[in-house]
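Student: Sharing a structure, written as structure tokens. Questions coming.
Any read-out appearing in this document is the output of simple, stated calculations on the displayed coordinates, not a laboratory observation. Quick caveat, the model's predicted, so the values are computed rather than measured. Positions of Cβ are generated from backbone atoms using ideal geometry, with glycine treated the same way; all protein chains shown enter the neighbour counts.
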Amino acid sequence: MYDVVISGAGPAGSKCAEILAKSGFKVALIEKDANWRKPCGGAVNSRIFKYYPQLRKLNFHRINKMTIYSADYHKFGYKWKEARDYSINVDRLEFDNVLRNIAVDAGAELFDKNISYDFVIKNNQKIGVKTKSSSGIQEYRAKIIVIADGMSSKLAIKSGFKKKWKIEDIMLAKSMIMEGENNIDKDTISLFFKPFKGYGWLFPLEENKFNIGFGTMGEDNLKYNLNQIHNEFINDPNIKKFIPKSNFKKIWEGAYPIPGLGVSEKSLYGDNIMFIGDTAGFVNPISGEGICPSIASGKAAAETAINALESDEISAQSLRNYKLHPTIRKIARSYKLTLSLLDFCFENEGQNFSKMCKMAESDDNFRESIVNMFLFSKAPPKDFILKLNSEN
Ligand SMILES: Cc1cc2nc3c(=O)[nH]c(=O)nc-3n(C[C@H](O)[C@H](O)[C@H](O)COP(=O)(O)OP(=O)(O)OC[C@H]3O[C@@H](n4cnc5c(N)ncnc54)[C@H](O)[C@@H]3O)c2cc1C
């Protein structure tokens, strides 16, 4: 019998497992496949060092500039060298395994190649997780169950707390890791917004590698074919300037959905169960930045579970403290505001976004707010909205 079973050893699950194990609790961390590379741009902001100071010692590719382009290729740049800590660009296969190993070193038991597919039920109560592995069906019983297995979570649906995602409530994104001679500034991540709900990205990695991707959002998921639009993006003359050669080696590609509505506040917890990370909507609804917010949710859930286990009170009433956790409230509030700007940004075939870029060029505070919103999932301040409205 475990204290906590966590389904999914992505960033959210690994952080949750690590904190619980460090506090002496018996944790089972279930993972479908530690050799799976999560489709991702891999841009991780500097907040990561708050959660994982030890990552500074590893050689992840450092970033300290960002350029945002509007649909008409109006751009503004932002450099934060000296002003704030560096961010990193990572390969998710390596990154996720680093975080998993940290959880294991803290004492969590990792069960790889286990696909969780249902709950163990006794007296109408969820008392564990059932998995399929090469050695058959396994059961991991625990006092508290944490669902951290991302957008494809079977358990989230089985739990009755979540419905299947609707296509207009998600982002669809495809990323590709390529290698070859290029003109990409090694310190800079670039985002290219479109006249519809979508944007492309170009993120440098070490040596001659880079991550190039495209995502669509909301109702525009239905209007655009992701593979086709990703291909068009790579071959766009404005992008070709960065990658002019044709002899690129494609190292890897993958596509995956991203939650697009912000934190699902109504279904974050129940009797002895909590939902964290992508499963629970911890992703910035405009930029798709979800690694640090997912880790933050994993930490908040672990802290809630520790209090619940110590007081032997694991009911929904006790786990409500997860939803009320200051970090969770802050992220949920910030995403609500960000989401309210989404339609505005993409209205008028991208003209509004273009105006935002122009304002950002001449107004330092405004520029800082946009970068905070995209890269650090910080809610825009009130005067940001006022300034935008006064321009329209
Ligand atoms: C194309 C794309 C680009 C992105 N780019 C960025 C970016 O640049 N920066 C950023 O911050 N965010 C980005 N994101 C979002 C980011 O990937 C997620 O928000 C983040 O990975 C969420 O972490 P998580 O732990 O909640 O879920 P995940 O990372 O999805 O982890 C879930 C884990 O559960 C496992 N799992 C799944 N099903 C089961 C099962 N049945 N049983 C057991 N285990 C299971 C998976 O193998 C995985 O390890 C991007 C997303 C996509 C799709």
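Student: Taking 0.36 nm per residue of separation and subtracting the Cα-Cα distance, what length does fully extending F49 through D343 add? Mind dumping the intermediate values first?
Tutor: Numbers: separation 294, 0.36 × 294 = 105.84 nm, distance 3.26 nm.
Using 0.36 nm per residue and subtracting the Cα-Cα distance, I get 102.6 nm.
Student: Just the C-alpha atoms of the chain: what Rg/Rh do they give, with Rh taken as the Kirkwood radius? Write down the numbers at each step before the final one.
Tutor: Numbers: Rg = 20.9 Å, Rh = 21.5 Å.
My calculation puts Rg/Rh at 0.97.
Student: Using θ = phi - 60° and the Karplus curve 6.51 cos²θ - 1.76 cosθ + 1.60, what whole-Hz ³J(HN,Hα) does each residue of the range 192-207 get, with Gly and Pro shown as x?
Tutor: 10, 7, 10, x, 10, 6, x, 7, x, 9, 9, 10, x, 10, 5, 6
Student: Only four residue types carry charge here, +1 at the Cβ of Lys and Arg and -1 at the Cβ of Asp and Glu. Report the dipole size of the range 16-85 about the Cα centre in Debye, rounded to the nearest 20. Mind showing how you got there, number by number?
Tutor: Values: 15 positive and 6 negative charges, 48 e Å.
With only Lys, Arg, Asp and Glu charged at Cβ, the dipole is about 220 debye.
Student: For the chain, with the dipole built from +1 on Lys and Arg beta-carbon atoms and -1 on Asp and Glu ones, taken about the Cα centre, which of G277, A305, Y78 lies farthest toward the positive end?
Tutor: Of G277, A305, Y78, it is A305.
Student: Now, a different point. Under a Cβ-Cβ cut-off of 11 Å, what is the net charge of the residues other than G10 that fall near it, where Lys and Arg count +1 and Asp and Glu count -1?
Tutor: Details: positive: K15, K32, K38, R92, R100; negative: E31, D96, D149, D278.
Residues near G10 contribute +1 overall.
Student: Let me ask something additional. Give me the distance between the Cα centres of the range 349-392 and the range 38-109, rounded to whole Å.
Tutor: 23
Student: Work from the charge dipole of the chain (Cβ charges, +1 for Lys and Arg, -1 for Asp and Glu, about the Cα centre) and give the residue of I295, N235, L375 farthest towards its positive end.
Tutor: Comparing the listed Cα positions along the dipole, I295 ranks first.
Student: In terms of modelled amide H atoms, which long-range or inter-chain residues lie less than 5 Å from the amide H of G281?
Tutor: S264
Student: To continue, here is another question. Which net charge results for the neighbourhood of A280, defined as the other residues with beta-carbon distances under 13 angstrom from its beta-carbon, given Lys and Arg at +1 and Asp and Glu at -1? Walk me through the numbers on the way to the answer.
Tutor: Numbers: positive: K162, K266, K323; negative: D149, E265, D278.
The answer is 0.
Student: Taking the Cα centre of the range 168-258 as origin and charging only Cβ (+1 Lys, Arg; -1 Asp, Glu), how large is the dipole, in debye to the nearest 20?
Tutor: Values: 11 positive and 13 negative charges, 53 e Å.
The calculated dipole for the range 168-258 is roughly 260 debye.
Student: Taking K158 as the anchor, which aspartates and glutamates have their alpha carbon closer than 19 Å to its alpha carbon, excluding any fewer than eight residues away along the same chain?
Tutor: Hits, sequence-local ones excluded: E31, D118, E139, D149, E265, D271, D278.
Student: GNM on the chain, C-alpha springs below 10 Å: top fluctuator among S135, S369, S354?
Tutor: S135
Student: Moving on. So which GluC sites (Glu not before Pro) in the range 113-210 end up in coil per DSSP with only 16 or fewer other C-beta atoms within 10 Å?
Tutor: Taking the range 113-210 and a limit of 16 other Cβ atoms within 10 Å, the loop GluC sites (Glu not before Pro) found are E181, E206, E207.
Student: Provide the net charge surrounding I48, with neighbours chosen by a C-beta distance below 11 Å and charges set as Lys +1, Arg +1, Asp -1, Glu -1.
Tutor: Counting the neighbours of I48, the net charge comes to +3.
Student: Tell me which of T188, F214, P244 sits at the most positive position along the dipole axis of the range 168-258, charges placed on C-beta atoms (Lys, Arg +1; Asp, Glu -1).
Tutor: Value: P244.
Student: Could you work out how far apart the two model spin labels at K266 and D363 are, taking each label as a point 7 Å from the Cα in the direction of the beta carbon, and quote it in nm?
Tutor: In this crude spin-label approximation the distance works out to 3.5 nm.
Student: Measuring from label point to label point, each 7 Å out along Cα→Cβ, what is the V98 to N389 span in nm?
Tutor: 4.3
Student: Using the Cα centre of the chain as the reference point, and only Cβ charges (+1 on K/R, -1 on D/E), how large is the resulting charge dipole? Debye, rounded to the nearest 20. Mind dumping the intermediate values first?
Tutor: Details: 56 positive and 46 negative charges, 77 e Å.
Charge dipole, the chain, about its Cα centre: 380 debye, nearest 20.
Student: How much length is gained on full extension from E206 to K113, taking 0.36 nm per residue of separation minus their Cα-Cα distance? Walk me through the numbers on the way to the answer.
Tutor: Working: separation 93, 0.36 × 93 = 33.48 nm, distance 2.95 nm.
Going from the current span to full extension adds 30.5 nm.
Student: Here is a follow-up. Regarding the range 168-258, what whole-number volume in Å³ per residue does the convex hull of its Cα atoms give? Walk me through the numbers before you get to the answer.
Tutor: On the way: hull volume 8.2 nm³, N = 91.
Once divided by residue count, the hull of the range 168-258 is 90 Å³.
Student: Size of the range 243-344 along its principal axes in angstrom, Cα-based, largest extent first?
Tutor: Dimensions of the range 243-344 along the principal axes of its Cα atoms: 62, 34, 17 Å.
Student: I need the trypsin sites (Lys or Arg not before Pro) found in the range 235-333, filtered to DSSP loop residues with at most 13 other beta carbons within 10 Å of theirs.
Tutor: Details: sites: K240, K241, K245, K249, K250, K266, K299, R320, K323, R329, K330, R333; in loops: K241, K245.
Answer by residue number: K241, K245.
Student: Angle, helix 291-310 long axis vs. longest principal axis of the chain, Cα atoms, 0 to 90°, nearest 10?
Tutor: Value to nearest ten degrees: 20.
Student: Say R0 is 25 Å: what FRET efficiency, to the nearest 0.05, do D72 and D187 get from their beta-carbon distance?
Tutor: Numbers: r = 25 Å, r/R0 = 1.00.
Step by step, r from the Cβ atoms, then E = 0.50.
Student: Run the simple label-point estimate for K250 and R56 please: 7 Å along Cα→C-beta, distance reported in nm.
Tutor: In this crude label model, K250 to R56 measures out at 4.0 nm.
Student: Number of Lys-Lys pairs in the range 168-258 under 20 Å by Cα, sequence gap 8 or more or different chains?
Tutor: Pairs that pass both the separation and distance tests number 26.
Student: Further, regarding this structure: Given Cα pairs under 8 Å that are at least 6 residues apart, what percent is the relative contact order of the chain?
Tutor: Values: 849 pairs, mean separation 77.9, N = 392.
Relative contact order here is 20 percent.
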